[in-house]
Amino acid sequence: RANIMFSVMKKGCKRIVVTSSAPSEGKTTTTVNIAVSISQTDQRVLLIDADLRKPKIHQYFSVPNAPGLTNYLGDKISGKRNADLFSVIHPTEYENLCVLCSGTIPPNPAELLGSELMSDFLDDVSKDFDYIIIDTPPINVVSDCLPLVRESDGVLLVVRSNKSTHPELQRALSALEFIDAKILGFVVNF
C-alpha cells in the first residue's frame, strides 16, 4: 500500500489499473486487497470491475453484478437523462470503499472501455474519490485494459509464483511499454 501511494504522488484522484499477463494469477483478489488496504487510510476509494468478460468483483462483496458500469454507460449512450451514477455504485462494509461492478456483459467490451464516454466517466467519477482502482482482464488474453492504462496514473502487474512464465510476462511488459504506461511495479502472488 505504501509503495503504491508514494508511486502516485499527485493532487486529486489517483487512478490505478491492476492487470496480469494471464488468467488465474490472483489479479482480482490482489485488486480487492489493494482497494481495501488503501480505503483503511481514510482515502475514498472506488473499486471498478472493468473485466467485462469474466467479472468477479461482485462475488467478493455479495452485491449484484448488474446494473453496473456497462448499464450506466449504455444509458448514457442511449441518451437517458436519468442515468444516475450513484445508483450503480455500492457501498461496502469498509467505510471508505465503494464498488462499481461490471454490469451486463456487452458484445463489445474493448470498444466500450476505449470509448470517449469511458474517459469522460472516469473524469466525472474522479471528482468524488481519492483513488480509483480498476480490475481489468489479463493483458495477454485481450487488449481491453490498454485504453484504461492510458487513462490511469499507473499500472500494477500481478505475477503468480511458479505459474507465470517469463515469455508471458515479457509479452505483457512489451504491450505496456508500447503505450508508454507507467508501471508502478509487480505484485508477486504465492
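The values are calculated or read from the model by the stated rules, or taken from the named source; none is laboratory data. As the structure is a prediction and not an experimental result, all values here were calculated from the model. Here the Cβ is made from the backbone with ideal geometry for all residues, glycine too, and neighbour counts use every protein chain on show. Just the protein is used for accessible areas: all its heavy atoms, side chains included, with ligands, DNA and RNA removed. Shrake-Rupley method; radii C 1.70, N 1.55, O 1.52, S 1.80 Å.
The share of C-alpha pairs in the range 71-115 whose separation exceeds 15 Å stands at 53 percent. Split the chain at each of the GluC sites (Glu not before Pro) in a DSSP loop with at most 15 other beta carbon atoms within 10 Å, and the longest piece is 96-190.
Coupling constants for the range 144-151 follow from the phi torsions by the Karplus curve (6.51 cos²θ - 1.76 cosθ + 1.60, θ = phi - 60°), and in residue order they are 4, 7, 4, x, 5, 4, 5, 8 Hz; glycine and proline get x. Take the Cβ atoms of Glu177 and Lys54, set R0 to 25 Å, and the FRET efficiency comes out at 0.45. The label-point distance for Asn3 and Val142, in a model that sets each label 7 Å from Cα toward Cβ, rounds to 2.9 nm.
I'd like to know which of Leu122, Val187, Ile105 lies farthest towards the positive end of the charge dipole of the chain, counting +1 on Cβ of Lys and Arg and -1 on Cβ of Asp and Glu. Of the candidates, Val187 comes out farthest on the positive side.
Averaged over its residues, the range 63-157 has an accessible area of 44 Å² per residue, based on protein heavy atoms and a 1.4 Å probe.
Mind checking the range 158-187 for trypsin sites (Lys or Arg not before Pro) that DSSP puts in a loop (not H, G, I, E or B) and that have at most 16 other Cβ atoms within 10 Å? Answer by residue number: Lys163, Lys182.
Of the cross-linked pairs Lys27/Lys182; Lys14/Lys76; Lys11/Lys76, those separated by over 26 Å at the C-alpha level are Lys11/Lys76. Report, in degrees rounded to the nearest 10, the 0 to 90 angle that the Cα long axis of helix 166-178 makes with the longest principal axis of the chain. The two axes meet at around 50 degrees.
Between the C-alpha center of the range 1-46 and that of the range 71-123 there is a gap of 19 Å.
Note that the range 1-62 presents 45 Å² accessible area per residue, ligands and nucleic acids not counted, probe 1.4 Å. The coefficient of translational diffusion for the range 19-118, derived via Stokes-Einstein from the alpha carbon Kirkwood radius under 25 °C and 0.890 mPa s, stands at 173 µm²/s.
Apolar share of the accessible surface for the chain: 50 percent from carbon plus sulfur atoms, 1.4 Å probe.
For the range 53-90, trypsin sites (Lys or Arg not before Pro) are listed when DSSP marks them as loop and at most 11 other Cβ atoms sit within 10 Å of their Cβ; the list is Lys80, Arg81. Mark the label point 7 Å from the Cα of Ala66 along Cα→Cβ and return the residues of the range 77-107 whose backbone N is within less than 19 Å of it. Once the point is set 7 Å along Cα→Cβ of Ala66, 77-80, 83-90, 100-107 turn out to lie under 19 Å by backbone N, inside the range 77-107. Entry note, the range 75-190: relative contact order of 20 percent, from Cα contacts under 8 Å with a spacing of 6+ residues.
Counting only Cα atoms, the size of the chain along its three principal axes is 48, 37, 31 Å, in decreasing order.
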